[in-house]
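The values are calculated or read from the model by the stated rules, or taken from the named source; none is laboratory data. All values reported here derive from a predicted model rather than from experimental measurement. A quick note on method: Cβ atoms are made from the backbone with ideal geometry, for glycine too, and the neighbour counts reach across all protein chains shown. These area figures cover heavy atoms from the full protein model, side chains too; ligands, DNA and RNA do not enter into them. Shrake-Rupley method; radii C 1.70, N 1.55, O 1.52, S 1.80 Å.
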Amino acid sequence: MPVTSGSGQAPGTAAWELLLPAASAPARSRGRSLRSALREAVRSGRLAPGTRLPSSRELAADLGVSRGLVTEAYEQLTAEGYLRSDRGAGTWVGGAARKAARGARDLAPRPVHARVDFIAGTPDLSLFPRAAWAAAHRGVLAELPHHALGYPDPRGLPRLRTALAELLVRRRGVVADPETVVVCSGVAQAMALIGFVLHARGVRAVGVEDPGSPQHGELFASADVGTVPVPLDDEGVVTGVLRERGLRAVVTTPAHQFPLGIGYSPRRRTELLDWARSVDGLVVEDDYDGDFRYDRAPVGALQGLDPEHVAYAGSVSKSLAPGLRLGWLLVPESMTDEVVARKRMMDLGNPALDQALLARFVERGDYDRQLRRCQRAYRERRDALVAALDEHFPGTEVTGIAAGLHVIARLPEHTGTQKDFLRRAAAAGVAVRPLSDYGSADGPGVRLVLGYAHLTPARIAEGVRLLAGGVDSRAR
């Protein structure tokens, strides 16, 4: 029997044609398949709202299934709102369902379409230690007690907080009590947590470095906290501006400023802490790549000088992979309870298994080995970039300390204006970003922020050669 619309006209599709594949499913899953097929027919609009369905007896006969199977399907979908049933008047398609979106979109950031991509911020994901990580995973699954798979402490597993505290004291010179370590989903969540707590305390604006990471402003905006650009000189953020603007919080990258690449001078670090103490303020320290220093041992974190006025954030995004979404936040003791309460409300804590895995990875020395491996690779790539610039762009000034995953390069004057250079770079298939993209304009000339960590030395050389070819083609 054909299904009919509310006007009594057949819509052109027989019910058994829509549902016949479900009727031929194995007996044990036939009822579930029938319900799913009918539900999807309503969602997709193939059975339009107001369509009258055959009686259970008629549809069962059409499909060659038991009447009870059809009755159960009708009752289930009526309870869910897909169908409506009027006593004595039959079963009809309801009007509540809307067509579902087809397929799952992937909104993950994608590499730009370019022959060579010098955009900063991405580590070499091929360096991820798959074998060691898999071994740690097996070990954790074998030893983790059942109760540890319940809701975790929102601060993080005690085992991981202890391991991180020991690691950060040893490698970054922080003052770390496991009780004030909060495991979080990377530096992004750490910044958002700080933002929410500051807002609850009445803070409505924080200082951010200019130029600096655009993400800092976006993350604090999510907590309804505004940002005030604060200029930098060759020693670090200009603290006088913090006083002039009446700020009580500032976000900094003192170990290796992004994007300028400078390390804050000892004098500026002292001035910054003096400011924080004088206004009972907070310095938020983003130590995004503090482990990667190539010309000397890394300078210790600012937090180690005054843990009550500095909140320290870091993650494994540059050392392992950003997709792990694992990081840490060391907060002043006076803020700990507020941060933990907010963390509990946001997500009830990070996944327990992932935390236990990272703890084991750190405890057994695998994380230190991974850092050494990355340091060797990234030092080689930085050297390759500097050498390629020297060869193809003689007179290029590379500024900033020998650290991190990017360099700042001021190209020679003959490269022309920044606008023309960027146009020629794009035509050559090379993706680059100028320093001016990260904050205040930097005056005349071409200054580039060049990321190199994700590129092999050969790809780095090719990219610089392509850039030089674009410049030379203008001269010809």
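Given the DSSP H assignment, sum -39500 (n - 2.57) over each helix run of at least 4 residues in the chain and divide by its residue total; what's the result at 222 nm in deg cm²/dmol, nearest 500?
-13500 deg cm²/dmol
How many percent of the accessible area of the stretch 332-460 is carbon or sulfur, using a 1.4 Å probe? Kindly include the intermediate steps, with their values, before the conclusion.
On the way: 2830 of 5690 Å².
Carbon and sulfur together cover 50 percent of it.
Could you bin all the Cα-Cα distances of the stretch 15-103 into 5 Å bins starting at 0 and give me the percent of pairs in each, rounded to whole numbers?
Spelled out bin by bin, the stretch 15-103 gives 3, 15, 28, 27, 18, 8, 2, 0 percent.
Tell me which residues come under 5 Å, amide H to amide H, from Val228 once H is placed; ignore anything under 5 positions away on its chain.
It is Val206, Gly207, Val208, by chain and number.
Treating only the Cβ of Lys, Arg, Asp and Glu as charged (+1, +1, -1, -1), what charge dipole size does the chain show about its Cα centre? Round to the nearest 20 debye.
1840 debye
In sequence order, what are the phi-derived ³J(HN,Hα) couplings for the stretch 458-466 according to the Karplus relation 6.51 cos²θ - 1.76 cosθ + 1.60 with θ = phi - 60°, rounded to whole Hz, with x for glycine and proline?
Computed from phi, the couplings for the stretch 458-466 are 5, 5, 4, 4, 5, x, 5, 5, 5 Hz.
Which whole-number value in Å² is the accessible area per residue of the chain, probe 1.4 Å?
Heavy-atom SASA per residue in the chain reads 47 Å².
How many angstrom lie between the Cα centre of the stretch 162-229 and the Cα centre of the stretch 369-431?
Value for the Cα centre distance between the two parts: 29 Å.
If the cut-off is a Cα-Cα distance under 27 Å, which lysines reach Lys99, setting aside same-chain residues fewer than 8 apart in sequence?
none
What ranking, highest mean first, results for peptides 127-135, 257-265 when packing means the other Cβ atoms within 10 Å averaged over each residue? Show your work: numbers first, answer last.
Working: 127-135: 13.9, 257-265: 22.1.
Result, highest mean first: 257-265, 127-135.
Give the peptides 18-27, 103-112 in descending order of average Cβ contacts within 10 Å, highest first. Kindly include the intermediate steps, with their values, before the conclusion.
Working: 18-27: 15.0, 103-112: 7.1.
Order by mean packing, descending: 18-27, 103-112.
Kirkwood Rh over alpha-carbon pairs of the stretch 323-476, then Stokes-Einstein at 37 °C and 0.692 mPa s: what D in µm² s⁻¹, rounded to an integer?
Values: Rh = 18.8 Å.
For these conditions, the coefficient is 175 µm²/s.
Rounded to a whole number, what % of the accessible area of the stretch 58-166 do carbon and sulfur atoms account for, probe 1.4 Å?
Result for the stretch 58-166: 54 percent of the exposed heavy-atom area is carbon or sulfur.
Mind computing the radius of gyration and Dmax over the alpha-carbon atoms of the stretch 141-215? Å is fine for both.
16.1, 49
For the stretch 205-327, what is one quarter of the convex hull surface built on the Cα atoms, given in nm²?
Answer in nm², one decimal: 7.6.
Run the Debye formula on the Cα coordinates of the chain, all scatterers equal and no solvent, and tell me log10 I(q)/I(0) at q = 0.12 1/Å.
So the normalised log intensities work out to -0.99.
Ignoring everything but the protein chains, give the 1.4 Å probe accessible area of Leu125 in square angstrom, nearest 10.
It works out to around 90 Å².
Just want to confirm a number: the relative contact order over the chain, from Cα pairs under 8 angstrom separated by 6+ residues, in percent.
17 percent
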